[in-house]
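What follows draws every value from the coordinates through simple rules; no lab data is involved. Just so we're clear, the structure is a prediction, and the values are computed from it rather than from any experiment. Note: ideal-geometry Cβ built from the backbone for every residue, glycine included; neighbour counts use all protein chains shown.
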Ligand SMILES: Cc1cc2nc3c(=O)[nH]c(=O)nc-3n(C[C@H](O)[C@H](O)[C@H](O)COP(=O)(O)O)c2cc1C
């Protein structure tokens, strides 16, 4: 199947270009990722105002008296419900159903707000929630770039071209600006201007940091995986990018003295949920991590497991 210049970076003939334009137009028709939310302003007007002063409440955990082996207490009704099996690649399963299932089911997701530049130095800033920190030693991050009709995402193109970025965190007060920066601006148009957010210089990479973010991570691309086997006609290639941190920046007054812990009250992270929903962290609880040797004497269940472990008797 023919791919476009931006899909695979190498195209020569005019006929190939016409064919790929047709493919792109067809793909565009079937692409419903950006959800039609009806009259959003009307819906939003009926909702309570955002409470900026809401403190984060710390409660007990759901079952503070939980014991080893207890599973989920009082969960009989849920266990009686069976699961429905889905083959994500079934020929009659539309891609959009997998998208909706994954973004509503794998939630909350953090948002990596990624600043890049292309080889000409033109700036780009866009949010990505197929994003996660993978390790701390070395500090590693992953971002997933979805396929779409026509050209690849500018952020992906820039990462491929220059290998550099800054990953910025998103706090509650930033969400309108961040959401707006996901607009499909023409290549080379800077979402810094769309969002009105402010730039701060970076040390180890060319793209700027977001001044409003509590935490920014300068990083360099260490690996890219393109899913060539999965590419559909008219659609750009999907890719995962692995990024290694080269610098951290933490806003003063938001962390402890040795910059080893960011205060949740200051970070106020936004989570992406399904559809066009975002979530706040408004309530937390704690559960200490356990150690086998400390816990065994306190629990009959663990004592039985300990006695039956391989090598005993
Ligand atoms: C909160 C949020 C999270 C998003 N996450 C992703 C993502 O993980 N992967 C992706 O390909 N697009 C994601 N998008 C859509 C991109 O931000 C959008 O396609 C944007 O136009 C890409 O910009 P670029 O072409 O300048 O890189 C997300 C949008 C929003 C608002």
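Taking 20 °C and 1.002 mPa s as conditions, the stretch 130-192 diffuses translationally at an estimated 156 µm²/s according to Stokes-Einstein applied to its Kirkwood radius (Cα pairs).
Taken over the C-alpha atoms, the chain has Rg and Dmax values of 23.5, 77 angstrom.
Taking the number of Cβ atoms within 10 Å of each Cβ as an exposure proxy, the fewest-first ranking of 192, 292 is 292, 192. Between residue 29 and residue 173, the simple spin-label model (points 7 angstrom out along Cα→Cβ) gives 4.8 nm. Contact order, relative form, for the stretch 168-310: 18 percent (alpha carbon pairs under 8 Å, 6 or more residues apart, mean separation divided by residue count).
Semi-axes of the equivalent ellipsoid for the stretch 196-313, computed as √(5λ) from the eigenvalues of its C-alpha gyration tensor and ordered from largest down, come to 40, 27, 18 Å.
Each residue, residue 66 and residue 309, gets one label point 7 Å from its Cα in the Cβ direction; the gap between the two is 2.2 nm.
So what's the stretch 133-267 giving for Cα Rg divided by 2.2 N^0.38 Å, two decimals?
Working: Rg = 16.0 Å, N = 135, 2.2 N^0.38 = 14.2 Å.
The stretch 133-267 yields a ratio of 1.13.
What's the exposure ranking of 140, 174, going from fewest to most Cβ atoms within 10 Å? The partial results should precede the final answer.
Values: 140 17, 174 23.
Lowest to highest Cβ neighbour count: 140, 174.
Note on the stretch 208-271: the C-alpha convex hull projects to 6.8 nm² when averaged across all orientations. Scaled against 2.2 N^0.38 Å for its residue count N, the alpha carbon radius of gyration of the stretch 40-140 is 1.68.
Between residue 240 and residue 101, the simple spin-label model (points 7 angstrom out along Cα→Cβ) gives 1.8 nm.
Calculated FRET efficiency, residue 280 and residue 185, Cβ-Cβ r, R0 41 Å, to nearest 0.05? After rounding, the FRET efficiency stands at 0.90.
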